[in-house]
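First up is the structure itself, then whatever we jot down about it.
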Amino acid sequence: MEDSKPKSLNFLEEIIQQNLASGQYSQGIFTRFPPEPNGYLHIGHAKSICLNFGLALKFGGKTNLRFDDTNPITEETEYVEAIKKDVSWLGFTWENELYASNYFEQLYQFAVDLIKKSLAYVDDSTAEQIAAQKGTPTSVGTESPYRNRTVDENLTLFKEMRDGIHADGAKVLRAKIDMAHANMHMRDPLMYRIRHVAHHRTGNNWCIYPMYDFAHGQSDSIEGITHSICTLEFDVHRPLYDWFIDKLSIFPTHQYEFARLNLSHTVMSKRKLLQLVNEKIVNGWDDPRMPTISGLRRRGYTAASIRNFCERIGVAKRDNLIDLSLLEFCIREDLNKSADRVMAVLDPVKLVITNYPEDQVEELAIENNPEDPESGSRSVPFSKDLYIERDDFMLDPPKKFFRLGPDLMVRLKGAYIIKCESFDLNEDGSVQTIYATHFPNSKSGSDTSEIHVKGTIHWVSIPHAVEAEIRSFDRLLIVEDASELGDDFMKFINPESIQIIEKAFVERSLRSATVNKAVQFIRKGYYCLDPDASPEKLVFNRTVTLKDTWAKEQNK
RNA sequence: UGACCUAUGGUGUAAAGGUAACACACCAGUUUUUGGUUCUGGUUUUCUAGGUUCGAAUCCUAGUAGGUCAACCA
């Protein structure tokens, strides 16, 4: 297994390898994925999930799923369930399902411990006063008038806070550190606030709730997390993270930061995604245009493709903007190997094979997937009246147009070579019907015609065609880098991010399409059945188009 | 006007003081009963200035640029 050339490691893998090499963590490493249950997971979370679980898998460790549920105002059980589903779907198994709220009593005791060490105090200042006391990044803060209360007084007041004696906002518990510290987070940060609000798990047991900074590190420590991995913006929290661990003398877990994922043409913050949902720009968190895990799943992305994407983008500490084309590459790569090919005509025009017997139907065996010899073939009905794609016919085709036009020849996929003889036009000049003759000896598999054509086009037999709605999606944002937009991003929504074709025609075999089985519409793209579909009405989502060098050529 | 983080092709990520490489994207050709796929080749890179060194993407100093931090959010 060990090659002479070791695969290069990212900076976290290097740290872990060094830890292990020096004999640390002989019990194995422990990581955790710690979402707040206040929204749905997105592709950025997928990066974190793949990182945390992947590191543990790679180095023989374990990973907890821990819900960071310290703010009852924004958190709901609905989100907990959705998050669990998404992590599982991505293919990971957590060691323990845990909640920061499991530790509320323990955290309370930690706070009491710090009060007893004169390292925490109850402050009656208002939010505004506390903000003013903090100073600014370039000027030092000032100490609160309540900073020097006695230990006994603090103990009593903190107990009163817990007991519900005080109103929301009347008092907070603060760590006593240094109001002149260069790091704003060290200027007597809040540890607890009063919130007379029911919590989705602890109900009304508590009316004081720990802040992130007083909950996260201690939760990591309680769980014995060896590598607490988070995104870069928490870098400035690390001194405080370490301070609490140190003053409490508890298991010394360590925090490491990596750069979050940014995707081109995509907004990623939960707040903005929520806004898209609330303002009905999209149809819910699982809209196929959303960068959420549930949206990508509904769009037809496979878990394997997302994992592969996360592997390819790498992990580092500098800001990045990943091009959507890499995500698209990953899903094409996966589906090319696994998706059965079928025929669907999205923008139909009628084609009549004039020399084909009126009522004849041939059942043609067409291979399911040229990339997969095991996939076999299916039977596709062929008849005199067909639909083909409107843009596969041109009245006045350019030189390298390998499709149909007056007097041109083309192969119908899996069937015959045909030659266009004539056509009818509608009043508006558009093509109404195309008439062609077929060469009976050119049948696929037994072609003795010796005719060679450059192009092969897809088709469906009109009498056998099945109607379907097709939903095509495009990027949600018309600008590449959403970080430059701020709250203005709504002005840059792509008005054509969804296109619905109410009445396309797909081949008969698609009657048995299922939600989880991707198909390739030959020459068009990869598609999957939408959960909205019913036996009476098929609905397909376009996951991604095929690469189209012809279109690219046209645009030059 | 502070502290901290970061800087390698168009986009990402490697190279642990010793030939700057891999993937995506792009371009050209090959293959192909999908203008898909495959395969081959190509274009394009170390922020700047000093310093250390036989040798610097890597170490040091200064600068520049970008990011983060002043929620009773996480």
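Throughout, read-outs are computed from the coordinates displayed, never taken from laboratory work. None of the values given here were measured: they were computed from a predicted structure. FYI the Cβ positions are ideal-geometry reconstructions off the backbone, even for glycines, and counts take in every protein chain you see.
Per-structure values
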read-out: Computed lengthening from A:E496 to A:E81, 0.36 nm per intervening residue step minus Cα-Cα distance; value: 146.2 nm
read-out: Average Cα contact separation per residue, chain A, under 8 Å, 6 or more apart, as relative contact order %; value: 11 percent
read-out: 5 angstrom amide H check on A:M211, placed H, neighbours 5+ away; value: A:Y192, A:R193
read-out: Isolated Cys residues of chain A, judged by Cβ distance under 4.7 Å to other cysteines; value: A:C207, A:C230, A:C330, A:C420, A:C528
read-out: Cα centroid of segment A:122-163 to Cα centroid of segment A:334-403, whole Å; value: 74 Å
read-out: Contour minus Cα-Cα distance for A:N283 and A:Q27 (0.36 nm per residue); value: 87.5 nm
read-out: Taking segment A:344-458 and dividing mean pair separation by its residue count, relative contact order in percent (alpha carbons under 8 Å, at least six apart); value: 28 percent
read-out: Sparse-neighbour loop sites [GluC sites (Glu not before Pro); segment A:278-360; at most 12 other C-beta within 10 Å; DSSP]; value: A:E279, A:E358
read-out: Cα gyration tensor, segment A:183-243 - rounded (a/c under 1.5), prolate or oblate; value: oblate
read-out: Amide proton proximity set for A:N494, modelled H, under 5 Å, gap of 5+; value: A:L477, A:I478
read-out: Whole-Å distance, taken between Cα centres, linking segment A:220-291 and segment A:178-199; value: 19 Å
read-out: Phi-based couplings in Hz for segment A:437-444 (Karplus 6.51, -1.76, 1.60; Gly and Pro marked x); value: 10, 10, 9, x, 8, 9, 4, 3
read-out: Average silhouette area of chain A, convex hull of alpha-carbon atoms, in square nanometres; value: 33.2 nm²
read-out: Net charge contributed by nearby residues that have their C-beta within less than 10 Å of A:P348 (K/R +1, D/E -1); value: +1
read-out: Gyration tensor verdict on segment A:10-119 (Cα atoms; rounded if a/c is under 1.5, prolate if a/b is larger than b/c, oblate otherwise); value: oblate
read-out: Over 21 Å between alpha carbons, listed pairs A:K117/A:K176; A:K443/A:K552; A:K400/A:K547; value: A:K443/A:K552
read-out: Ranking of A:L529, A:L485 by count of other Cβ atoms within 10 Å, fewest first; value: A:L485, A:L529
read-out: Distance (nanometres) between label positions extended 7 Å along Cα→Cβ at A:D548 and A:E311; value: 3.0 nm
read-out: Beta bridges per DSSP with both ends in chain A, % antiparallel, nearest 5; value: 65 percent
read-out: Amide H contacts of A:L98 (H built 1.01 Å from N, under 5 Å, at least 5 apart or other chain); value: A:L65, A:R66, A:F67
read-out: Protection-proxy order for peptides A:12-19, A:219-226, A:183-190, A:301-308, each taking the mean of Cβ atoms within 10 Å per residue, highest first; value: A:219-226, A:301-308, A:183-190, A:12-19
read-out: Cleavage-rule hits (trypsin sites (Lys or Arg not before Pro)) in segment A:346-418: DSSP loop, at most 14 neighbouring Cβ within 10 angstrom; value: A:K399, A:K400
read-out: Signed unit charges on C-beta, dipole axis of chain A, positive-most listed residue A:L114, A:S483, A:F505; value: A:L114
read-out: Ordering of A:157-169, A:49-61 by burial proxy (mean other Cβ atoms within 10 Å per residue, highest first); value: A:49-61, A:157-169
read-out: Calculated log₁₀ intensity ratio I(q)/I(0) where the Debye formula runs over C-alpha points of segment A:25-258, q = 0.13, 0.16 Å⁻¹; value: -0.81, -1.17
read-out: For segment A:25-258, share of DSSP beta bridges that run antiparallel, in % to the nearest 5; value: 50 percent
read-out: Protection proxy ranking, peptides A:260-267, A:445-452, average beta carbon neighbours within 10 Å, highest first; value: A:260-267, A:445-452
read-out: Contact order relative to length of segment A:1-153, as percent, for alpha carbon pairs under 8 angstrom and 6 or more apart; value: 18 percent
read-out: Per-pair calculated FRET efficiency, R0 = 25 Å: A:E105 and A:R147 via Cβ, rounded to 0.05; value: 0.40
read-out: Phi to ³J(HN,Hα) by Karplus 6.51 cos²θ - 1.76 cosθ + 1.60 over segment A:184-199, Hz, x for Gly, Pro; value: 4, 5, 9, 7, 6, x, 6, 10, 9, 10, 8, 9, 7, 9, 6, 9
read-out: Over segment A:344-458: Rg over Rh, Cα atoms, Kirkwood Rh; value: 0.97
read-out: Residues A:D481 and A:K247, FRET efficiency given R0 of 41 Å [Cβ-Cβ distance, rounded to 0.05]; value: 0.50
read-out: Ranking of A:W243, A:W89 by count of other Cβ atoms within 10 Å, fewest first; value: A:W89, A:W243
read-out: Set of segment A:319-360 residues, backbone N closer than 12 Å to the point 7 Å along the Cα-Cβ line of A:D424; value: A:350-352
read-out: Per-residue Cβ neighbour rank within 10 angstrom, fewest leading, A:C420, A:C310; value: A:C420, A:C310
